[in-house]
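Below is the structure I would like to discuss, written out as structure tokens.
Readers should treat all values here as calculations from the given coordinates under stated rules, not as data from a laboratory. Since the model is a prediction, treat every value here as computed from it, not as a measurement. Positions of Cβ are backbone-derived with ideal geometry, glycine not excepted, and every protein chain shown enters the neighbour counts.
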Amino acid sequence: MNRTVGSAHGRGITTLTLDSPANRNALSAGLVGELRAALAAAGADPEVRALVLTHAGTTFCSGADLKSPCDPADFLALLREITELPQPVVARVTGHVRAGGLGLLGACDIAAAGPDSTYAFTETHLGVVPAVISAPLLPRLDPRAAARYFLTAEPFDAAEAARIGLLTAHGEDVDEVLEPVLAGLRKAGPQALAATKRLLTAPVRAALDQDGEALTALSAQHFSSAEALEGISARFDRRDPAWAR
């Protein structure tokens, strides 16, 4: 079986790579399961000071695998586990991020991107709702920007992503941007780092705990609707859905 998540370790940093470029690193049951297992292994390793979450191919994550989607409850668990991990998780993005992939960025503690990255909450154009990802994202995003991009599904670039709070930083060379970030994390005391992360993630963890079950149900309800069937079929057929004007 081909692995969809790669793992490498060096100088206190574990790098997890989403490695399913054939489906643009979509959130399949297999990828989500492998990522959860890799996070758990890294979290239990005392040699790991921080994690970097990155990707193979031109897309960081395209969102739900529309042919073989993961269970929304498993995706919710993944987001919880990122926020509850004692080590900081740093997203490194050089490509496109869509829908559920943006939820991964919201769960990460720090997110940096290169100039070719683009972003879009594409759910409404498919007849579904950005429900589960709203828990980690709404505490971080500018409210007016969240309303615009959640509703319209417009794409935007890295500069706008940083302005609205989705990204921590962006630049021409994402590794250059991340160099001082990772250097700072390597110098931090592990217990102090974990406690500080818990302070910072408190609003996101609270949203996941309080609203996660209802958001999971809302997501499942809309994914099984006739509107979603039409929207997803239209995406595969490369046409506008019937409701588009």
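Extension gain LEU199-ALA22, at 0.36 nm per residue separation less the Cα-Cα distance, in nm?
59.9 nm
If you don't mind, another one. Which helices count as membrane-span-like in the chain under these terms: full DSSP H, at least 15 Å along the axis by C-alpha, Kyte-Doolittle mean of 1.0 or more?
Working: long enough: 29-43 (21 Å, 1.15); 72-84 (18 Å, 0.38); 174-187 (20 Å, 0.35); 190-223 (41 Å, 0.07); 226-237 (16 Å, 0.02).
Helices passing the filter in the chain: 29-43.
Still on this model: Please go through segment 24-104 and write out the trypsin sites (Lys or Arg not before Pro) that DSSP classes as loop and that have at most 15 other C-beta atoms within 10 Å.
Numbers: sites: ARG24, ARG36, ARG49, LYS67, ARG80, ARG92, ARG98; in loops: ARG24, ARG49, LYS67.
Those satisfying the criteria are LYS67.
Mind telling me which of VAL129, VAL204, VAL177 comes out most flexible in a GNM of the chain, alpha-carbon contacts under 10 Å?
For the chain, modelled as a Gaussian network with Cα springs under 10 Å, the answer is VAL177.
In whole Å, how far is the Cα centre of segment 182-245 from that of segment 1-62?
If we compute the Cα centre of each part, the gap is 17 Å.
Another question, if that's okay. Using all Cα-Cα distances in the chain, what percent lands in each 5 angstrom bin from 0 up to the longest?
1, 7, 14, 19, 21, 18, 11, 5, 2, 1, 0, 0
Which whole-number value in Å³ per residue fits the convex hull of the alpha carbons of segment 109-245?
Numbers: hull volume 18.2 nm³, N = 137.
Taking only Cα atoms, segment 109-245 has a hull volume of 133 Å³ per residue.
I need to check one value: relative contact order of the chain, counting alpha carbon pairs closer than 8 Å and at least 6 residues apart, in percent. If you can, show how the numbers build up before the last one.
Working: 468 pairs, mean separation 45.4, N = 245.
Result for the chain is 19 percent.
Let me ask something additional. Please check the chain for the longest run free of GluC sites (Glu not before Pro) that are loop-located per DSSP (anything but H, G, I, E, B) and have at most 15 other Cβ atoms within 10 Å.
Values: sites that count: GLU47, GLU172.
Free of exposed loop sites, the longest segment is 48-171.
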